[in-house]
1. Being surrounded by 16 or more Cβ atoms within 10 Å (Cβ to Cβ), in contact with an Asp or Glu (Cβ under 9 Å, 6 or more places away or on another chain) and not small (Gly, Ala, Ser) is the requirement here; does residue 269 meet it?
2. When you scan segment 205-219, do you find a residue that is within 16 Å of residue 303 (Cα to Cα), part of a helix (DSSP H, G or I) and over 21 Å from the mean Cα position of the chain (by Cα), even just one?
3. For segment 36-64, give me the residue count where each residue is closer than 17 Å to residue 288 by Cα, touching a strand residue (DSSP E or B) at 6+ places or on another chain (Cβ under 9 Å) and of a type outside the set (A, V, I, L, M).
4. So is residue 125 farther than 21 Å from residue 245 by Cβ, at pLDDT 95 or above and under 23 Å from the mean Cα position of the chain (by Cα) or not?
5. Scan 288, 273, 329 and give me the residue that is at positive phi and not β-branched (Val, Ile, Thr).
6. When the residues of segment 253-276 are filtered to those that are assigned to a strand (DSSP E or B) and either among the hydroxyl-bearing types (Ser, Thr, Tyr) or outside the structural domain of residue 191 (by TED's automatic domain parsing) (or both), which remaining residue is farthest from residue 207 (Cα to Cα)?
7. Assess whether residue 93 counts as being crowded, with 16+ Cβ neighbours inside 10 Å, outside the structural domain of residue 262 (by TED's automatic domain parsing) and either at pLDDT 95 or above or not in a loop (DSSP other than H, G, I, E, B) (or both).
8. Between 150, 119, 141, 146, which is surrounded by fewer than 16 Cβ atoms within 10 Å (Cβ to Cβ) and either touching a residue at least 12 places away in the same chain (Cβ under 8 Å) or closer than 22 Å to residue 214 by Cα (or both)?
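The values are calculated or read from the model by the stated rules, or taken from the named source; none is laboratory data. Remember, predicted model here, so these are calculated numbers, not experimental data. Using ideal geometry, Cβ is built from the backbone for each residue, glycine included, and neighbour counts are taken over all protein chains shown.
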Amino acid sequence: MKRTVTLLLLLIVATALAISATGDWLLLLGRYEGAESHFFFREIDGSFEFLFESTRGTISFNGLNYMPVECVKIHSDTYLLEANPLNFVVAVFQRDEERFGIRCKIDREVFVRLFYGPEGGDVFKITPVRPVKELLPQALEARPPEEAGELLPMDLVDIEMLDPKIKLDIRYAREDNFMGSSLYTEEKAFLQRPAAYALVKASEILNERGLGLVVHDAYRPWYVTKMFWDATPDELKEFVADPEKGSRHNRGCAVDVSLYSLETGEFLDFGGGYDEFSERSYIDFPGGSTLQRYYRELLRETMATVGFQPLKEEWWHFDFEGWERYPIGNITFEELERSR
């Protein structure tokens, strides 16, 4: 009885405390692994919540169910979990030198933070199965799969020429991409004309909210898709397209996008990096912060309004309607520029 009264008093005091506005709690958000189960620690509408893996859970993600448990911050990195009205459990987080949460102790059980890859905005990278210098000449010599039926002619448009408020951040023209090598010779983004005009409409809708589109990739020559596939380990191949089928990027009908603030020019935080090969990239990832999840939903809804459909494994990837009517393209950026 004494323990219950003490915990209730702690809860009353904790409820009166405002959540810190410094954002330091963002570094605690993530997935934590126990001996037999795991949980996501997330922020939701100004409060905090533990999502415990549970067959009785009400939230589904990636084939599993999760049970949300409300909690209250009582001191520093200590939180009070409400199991039922008169039964409370204390959770204590431990951080590393960079302030990221690395462990969480709940009663006697210790849960270890799962790091999907670099945090804090760093670029996710794989270790290619084969070096890019070896893959490139072979990919250039290879030929895309043959396609049957009547297809529309390629009519690729330079996005940058249509809307100056659309920013380009073409990672594959630099080394800050998952392959760790420059794969394009120019920072350019091309789409089939109808898709390009639809993207401009999406940009205009977002501009009204004070936001702008960032394009990370659009048309991708087939030989680059083949390099991705040949370089990626088998266990991560769900995040790259099979060159034997071709990709919607190859057809000029897929675009990878995120958002930036028109006022500050800063890129917005989606709770997981572009081209990150992890469950955090799924469009319905339940973790992170309310704002991060809101940006994903806003981007998804805006793109759907103008004819783009999302890819469930990648919050940044959208396919334009009618993509199957266009052929797999393998023309290089240099050839596109010379043809204009």
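1. No, not satisfied.
2. Checking segment 205-219: at least one residue is within 16 Å of residue 303 (Cα to Cα), part of a helix (DSSP H, G or I) and over 21 Å from the mean Cα position of the chain (by Cα).
3. 14
4. So residue 125 fails the test.
5. Going through 288, 273, 329 in turn, just one is at positive phi and not β-branched (Val, Ile, Thr): 288.
6. Per the stated criteria, the residue is 258.
7. Against the criterion (crowded, with 16+ Cβ neighbours inside 10 Å, outside the structural domain of residue 262 (by TED's automatic domain parsing) and either at pLDDT 95 or above or not in a loop (DSSP other than H, G, I, E, B) (or both)), residue 93 qualifies.
8. Checking each option against the conditions leaves just 119.
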